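The block underneath contains the structure these notes are about, expressed in structure tokens.
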Amino acid sequence: MLVLVVDSSTPAVTAALAEIATDGVTIRAQRRTVDARAHGELLAPQVAAVLAEVHARSADLGAIVAGLGPGPFTGLRVGLVTAATMGQALGVPTYGVCSLDAVGHPAAAGEPVLAASDARRREVYWAVYDGAGERIAGPDVDVPAVVAERARDLGATAMVGDGAHRYADVLGLPLRAEPRYPSAAALAGLAAERVRAAAPGERLVPLYLRRPDAVAATGRKSVLP
């Protein structure tokens with residue numbers, strides 16, 4: 001089955017086509033551009049590009065997989081709105097994957113690992129995974145010093161992700177260079193069992209973890225003296 005994979009939870013805007021078969025997952029085309037300010041401008045052209053690369057049409061898709069975050073409000077909603085809209089228009093199921101899982105799960109190699117992404121405001125989104133890649137804490141958002149303490153308490157012996165790179169000195173664990181951002185292969189792999197089983201499509205609920213930076217005004221200010 002041909003599956004579209006999208007993620008916009010981090011500065012890396014990702015679109016890919018994955019072929020999910022009974023014996024594994026193959027990425028047939030992918031695009032990734034790291035730009036924290038251009039999620040809306042980049043994602044749709046990247047979707048079109050990966051479809052064109054394999055000479056496929058959107059009607060050829062059997063499912064859509066999307067990273068649910070956590071991530072900043074503006075960027076994250078671009079990927080989820082795109083996935084939900086396409087799923088509804090095409091009549092195909094949508095499946096969500098915690099974006100941190102696509103960083104922490106493949107990085108775990110027999111030892112607990114911390115996955116962290118940049119949450120801005122000098123905070124990180126984080127989760128900890130055991131040696132088998134199962135999430136044992138998070139996702140959550142905290143300042144790096146708090147995350148460092150939690151990760152040590154949970155036995156993490158390494159760290160990955162863009163947040164880990166940005167706050168390596170505070171987090172204080174051995175840093176692995178990759179994965180820095182959620183990969184299309186990991187996102188597709190984590191959803192593959194549901195795709196193969198033709199599980200019912202899921203509502204794509206974003207993991208914002210906190211309120212957006214911009215909020216509507218709660219009252220009116222008088223302009224009279």
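The values are calculated or read from the model by the stated rules, or taken from the named source; none is laboratory data. Just so we're clear, the structure is a prediction, and the values are computed from it rather than from any experiment. Glycine also receives a Cβ, built like all others from the backbone with ideal geometry; neighbour counts cover every protein chain displayed. The area values use the complete protein model at the heavy-atom level, side chains included, leaving out ligands, DNA and RNA. Shrake-Rupley method; radii C 1.70, N 1.55, O 1.52, S 1.80 Å.
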Legend entry - Packing rank of 37-45, 78-86, where each peptide gets the mean count of other beta carbons within 10 Å, highest leading: 78-86, 37-45
Inset, instruction - Write down Rg/Rh for the chain, rounded to two decimals, with Rg from the C-alpha atoms and Rh from the Kirkwood relation over Cα pairs. - result: 1.02
Inset, instruction - Within the set of other residues whose C-beta is less than 13 Å from the C-beta of Ala66, count the net charge using Lys and Arg as +1 and Asp and Glu as -1. - result: 0
Inset, instruction - Compute the Cα gyration tensor for the range 26-66, then decide on rounded, prolate or oblate, letting a ≥ b ≥ c be the square roots of its eigenvalues: rounded whenever a/c is under 1.5, prolate when a/b is larger than b/c in the other cases, and oblate in all that remain. - result: prolate
Inset, instruction - Of the options Leu76, Leu154, Tyr167, report the single residue whose Cα projects farthest towards the positive end of the charge dipole of the chain (beta-carbon charges: Lys, Arg +1; Asp, Glu -1). - result: Leu76
Inset, instruction - Using a 1.4 angstrom probe, figure out how much accessible area the chain has per residue, in square angstrom, rounded to the nearest whole. - result: 49
Inset, instruction - Bin all alpha-carbon pair distances of the range 68-132 at 5 Å intervals from 0 and give each bin's fraction as a whole percent. - result: 4, 17, 20, 18, 16, 12, 9, 4, 0
Inset, instruction - Per DSSP H run of n ≥ 4, the term is -39500 (n - 2.57); total these for the chain, divide by its residue number, and report the mean residue ellipticity at 222 nm rounded to 500 deg cm²/dmol. - result: -9500 deg cm²/dmol
Inset, instruction - Would you mind telling me the share, in percent, of accessible area of the range 1-142 contributed by carbon and sulfur at probe 1.4 angstrom? - result: 49
Legend entry - Farthest toward positive dipole pole in the chain [+1 Lys/Arg, -1 Asp/Glu at C-beta], among Leu187, Ala199, Pro93: Pro93
Legend entry - the range 141-167 and the range 60-85: distance between their alpha carbon centers, rounded to Å: 26
Inset, instruction - For the chain, give the share of DSSP beta bridges that are antiparallel, in percent and rounded to the nearest 5; count only bridges with both residues there. - result: 70
Inset, instruction - Find which of Val54, Ala132, Ala38 sits farthest along the positive direction of the dipole of the chain, computed with +1 on the beta-carbon of Lys and Arg, -1 on that of Asp and Glu, about the Cα centre. - result: Ala38
Inset, instruction - Just need the relative contact order of the chain here, percent rounded to a whole number, with Cα pairs under 8 Å and 6+ apart. - result: 22
